[in-house]
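Undergrad: Okay, here's the structure, questions in a sec.
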Amino acid sequence: MPARASVSAAGMRVVQLLAGKPPQTIFDLIRSTGLTRTAITEQLNDLVALGFVERTSQRVAGRGRPRHQFSLTRAALMLLFASNQRLLVPAIWGAISEVGGAELVHRVLDRVSSTLARHYRRKISGKTPRERLKQLARLLREEGVLLHVEEAKDGSLVVHKRNCPFISMYDETGAVCAVDLQMMKQVVGADVVRTACRHEGAPCCTFAIAPVNGRGK
């Protein structure tokens, strides 16, 4: 999902006005904000493009043109409470550890890794580890993950991941980092080793995927 920073202050105002309300027309939003039709239209177009607002058309009796209505998507509702996740997610994660200890933590992480792997495998058609890795990288980038893949001199593929969707779940054990490793192994079909971690002082997390079948081709 795109970051909150990608939505302007004016766009966030529109998001807040749409939250918890029936679909609104441009006229409704003009009346609520006092902004011009052009300004509202520009904000709505941006929010629709980002996937935060859904536009539907309603045919009005006696009129040739349909009336457009706008409502929030699930992604927008998550956007509104993004800051709350910094409290909620660690609380849930801590509760799992307290209730079940290390054994339950690892079982949960294994299940999360497998669930994510199944999600991505459905969207990947590559026959080789190299092809699957490139497709996985594209899917992750579409979700907002900042990463790039390069080939080392020994033929291994190196993934540099500069941000992490699990950052709010990280604790001193570093157990959650296993999710990336296990998910990549299952999707790519090759051994994956974490060679650097931002939590240990590296600029970013780095993963190496060993050559497979002649330099991973």
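The values are calculated or read from the model by the stated rules, or taken from the named source; none is laboratory data. Every value quoted in this text rests on a predicted model; they were computed, and no experiment measured them. Positions of Cβ are generated from backbone atoms using ideal geometry, with glycine treated the same way; all protein chains shown enter the neighbour counts.
Undergrad: Give the number of residues within the range 1-43 that are of a type in the set (A, V, I, L, M) and either under 20 Å from residue 81 (Cα atoms) or surrounded by fewer than 15 Cβ atoms within 10 Å (Cβ to Cβ) (or both). So that I can check it myself, show each step before the final result.
TA: Initially, the range 1-43 is screened for residues of a type in the set (A, V, I, L, M), giving 1, 3, 5, 7, 9-10, 12, 14-15, 17-19, 26, 29-30, 35, 39-40.
Keeping just the survivors that are either under 20 Å from residue 81 (Cα atoms) or surrounded by fewer than 15 Cβ atoms within 10 Å (Cβ to Cβ) (or both) gives 1, 3, 5, 7, 9-10, 12, 14-15, 17-19.
The qualifying residues number 12.
Undergrad: Select from the range 64-80 the residues that are more than 19 Å from the chain's Cα centre (by Cα) and modelled with pLDDT of 85 or more and list them in ascending order.
TA: Taking the range 64-80 first, the residues more than 19 Å from the chain's Cα centre (by Cα) are 64-71.
Within the range 64-80, 68, 69, 70, 71 meet the criteria.
Undergrad: While we're here: As an exercise: evaluate residue 185 against (1) closer than 27 Å to residue 79 by Cβ; (2) among the basic types (Lys, Arg); (3) surrounded by 13 or more Cβ atoms within 10 Å (Cβ to Cβ) and give the number of the one condition it does not meet.
TA: Just one mismatch for residue 185, condition (1).
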